[in-house]
Each structure stands twice: as structure tokens, then as C-alpha cells.
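What follows is a short report on a single structure.
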Amino acid sequence: MNIPLHVAIIMDGNGRWASIQEKKRIYGHYIGSLVIDKIASKAKKLGVKYLTLYAFSTENWKRPKSEVNFLMSLLAIQIRKKINFMMRENIKFNYLGDIAKLPQKQQEAILESKEKTKNNHELTLNLAINYGSYMEILQACKKMCAEYYSTKSIVNEPNEQLFEHYLYTKGMPNVDLLIRTGGEKRISNFLLWQIAYAEIIFLDKYWPEFNEDDFEDCTKEFGERKRRFGGIDD
Ligand code: IPE
Ligand code: IPE
Ligand code: MG
């Protein structure tokens, strides 16, 4: 079977799922955070090499302060908690986004997790935290142009390959499969460059109820799709 090398997921629907259970939105975030381990293990078993999960966008700061605060504490607690799991499963932790804007405790948890798991190699788990594509692409443009204009060197001459060097996903393949749970059919400022040729699956299921079988079904659907990249079938 044709397995996607890089899968990205917009983990959406925590709040609505909780409301249906007559619980607070934050309960949905908590249950949603527990789903990550199961999906990461499954992805690894299936042969996926990069799993990129959207945890907090640059736009999510607009939410009520109480929800943002809860998400921040959940982030630090879960990232620390998952270190043992990632060591056991040989998973390398990485983050995408501007973590300098996060509280100190959260930054420490992220950096510690990255450092401790740096030699693991079966799956890279990218957590997108304070991530937004507009920001990512703009900072990449700025850095690429600054280096080119300061050196005027032919090796720094802007092109697609060089541009990817300045993205958070530097050195990783672009996304093969993008999944969004929660029923919305939009991208919400996620990996705009990296999904240029991704296959996309929108699911109605809310993230807290997404499971290993759903993930496997998505990879099967991916395997059945014909990717032409602008060409024509053989
Ligand atoms: C996704 O679930 C998690 C984050 C954005 C942090 P939501 O919180 O967006 O849940 P819904 O979409 O409101 O149901
Ligand atoms: C996208 O979900 C961000 C994450 C899943 C972290 P949102 O719920 O924030 O996106 P919109 O507001 O529906 O576009
Ligand atoms: Mg949402």
C-alpha cells in the first residue's frame, strides 16, 4: 500500500464535542489531548514518518482568556507527560511555530521534550504551537531575502528549494495527506506552502472521538487516490 510519508492533522471539534456531552469546552481539549498518543502510535505502525498536529494557531489567542490559559497549562502538562511515551515508542518530538510568545513554563516543557527525544527516529511528531502560515511564510521571506542581499551569492539566490530551508519544516518532505476533523472545510492558516499538493480529507467526526481505525481508513483512502501533480496518468 502507498503510505503517506507526512500526515498533517487539524485537530478540530473539541469544544463542540464537549458541548454535546453537556460539558465545558475545556473538557473536550483534555480528552482531545489524550487522543494524540493513540494516533501517533498508529501512524508509526503504518510507516508514516512525519506527523504534524495543529495544537494552537496564531489566531487562537482571540479566545476567552480562561480557555487560552487552560490550553497553555494543558500543553505544558501533556508535553511533559508524553516524554516517556515518546521514548518508549522511539518518537522524536519537534515543534512548529513561534514559541517565544508562550509563557516560560511552556517553552521549557517544549524544549526539554525536544532535547530528550532528539535521537529517536521512527516517527517525528511535530506539534504546531502558536503556528500560523502567514507568519511562517513572511519570516521565511524576510530571512531568505536578507541573506541574499547581504551576500549577493549565487548559492543564496531565492528559489523554491532554498525557501523551504527557512520554513519550520526545514529538511522534511512536504505534506502528503492533510486530515481535518470537526466538519469544517477550511485550512485555517495551516501549512499553506507545505500542503500545495497534499491530498485532503475532511471528516465530520470531532477530534476527541477520532481513533486509530479512522486514521487507518484515511491512509487507505490516500492509497486509493491518484496523484498527478499536474501531469497525466501513465
Ligand atoms: C480545536 O478544537 C482545538 C483548538 C483550536 C485549540 P476547537 O476548540 O476549535 O473546537 P470547536 O471547533 O470549537 O468545536
Ligand atoms: C484550527 O481550528 C486550529 C487548531 C485546530 C489548533 P480553529 O477552530 O481555530 O479554526 P477556525 O476558527 O474554525 O477556522
Ligand atoms: Mg474549532
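Starting from the exponent 0.38 and prefactor 2.2 Å, build the expected Rg for the chain from its residue count and divide its actual Cα Rg by it.
Compactness ratio reported: 1.04.
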| message | As an exercise, identify the GluC sites (Glu not before Pro) in segment 7-109 lying in DSSP coil whose Cβ has no more than 15 other Cβ atoms within 10 Å. | response | 22, 59
| What FRET efficiency do you get for residue 59 and residue 234 if R0 is 45 Å and r is their Cβ-Cβ distance, rounded to the nearest 0.05? | 0.60
| message | Is there a quick way to get the dipole size of the chain? I mean about its Cα centre, with the Cβ of Lys and Arg at +1 and of Asp and Glu at -1; what is the value in debye to the nearest 20? | response | 760 debye
| query | What is the gain in length, in nm to one decimal, between residue 196 and residue 212 on full extension, counting 0.36 nm per residue of separation less the C-alpha to C-alpha distance? | reply | 3.2 nm
| query | Over the chain, what percent of the accessible surface lies on carbon and sulfur atoms, probe 1.4 Å? | reply | 52 percent
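Between the DSSP loop rule and a limit of at most 13 other Cβ atoms within 10 Å, which trypsin sites (Lys or Arg not before Pro) in segment 134-218 are left?
152, 170, 185, 186
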| query | For residue 65, what accessible area in Å² do you get when you roll a 1.4 Å probe over the heavy atoms of the protein chains, rounding to the nearest 10? | reply | 150 Å²
| field | Label-reachable residues, segment 42-57, where backbone N falls under 15 Å from a point 7 Å from residue 186's Cα toward its Cβ | value | 57
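Taking only DSSP H segments of four or more residues, each worth -39500 (n - 2.57), what value at 222 nm results for the chain once the sum is divided by all its residues, to the nearest 500 deg cm²/dmol?
Working: 7 runs with 104 residues, N = 234.
For the chain, the value works out to -14500 deg cm²/dmol.
Express in nm, to one decimal, how much length is gained between residue 67 and residue 90 on full extension, taking 0.36 nm for each residue of separation and deducting their alpha carbon distance.
Computed gain between residue 67 and residue 90 is 5.1 nm.
Contact order normalised by length for the chain, with contacts defined as Cα pairs under 8 Å and 6 or more residues apart; what percent is it?
Result for the chain is 29 percent.
Under 8 Å for C-alpha pairs, at least 6 residues apart: give me the relative contact order for segment 130-204, rounded to a whole percent.
Contact order relative to length: 34 percent.
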| query | What's the longest bit of the chain with no exposed chymotrypsin sites (Phe, Trp or Tyr not before Pro), using DSSP loop states and at most 15 other Cβ atoms within 10 Å as the test? | reply | 1-196
| field | residue 226 versus residue 114: modelled label distance in nm, points set 7 Å from Cα along the beta carbon direction | value | 4.2 nm
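The values are calculated or read from the model by the stated rules, or taken from the named source; none is laboratory data. For clarity, every value in this text was computed on a predicted model and none was experimentally measured. Neighbour counts run over all protein chains shown; Cβ positions are idealised from the backbone, glycine included. What goes into the accessible areas is simple: the full protein's heavy atoms, side chains included, and nothing from ligands, DNA or RNA. Shrake-Rupley method; radii C 1.70, N 1.55, O 1.52, S 1.80 Å.
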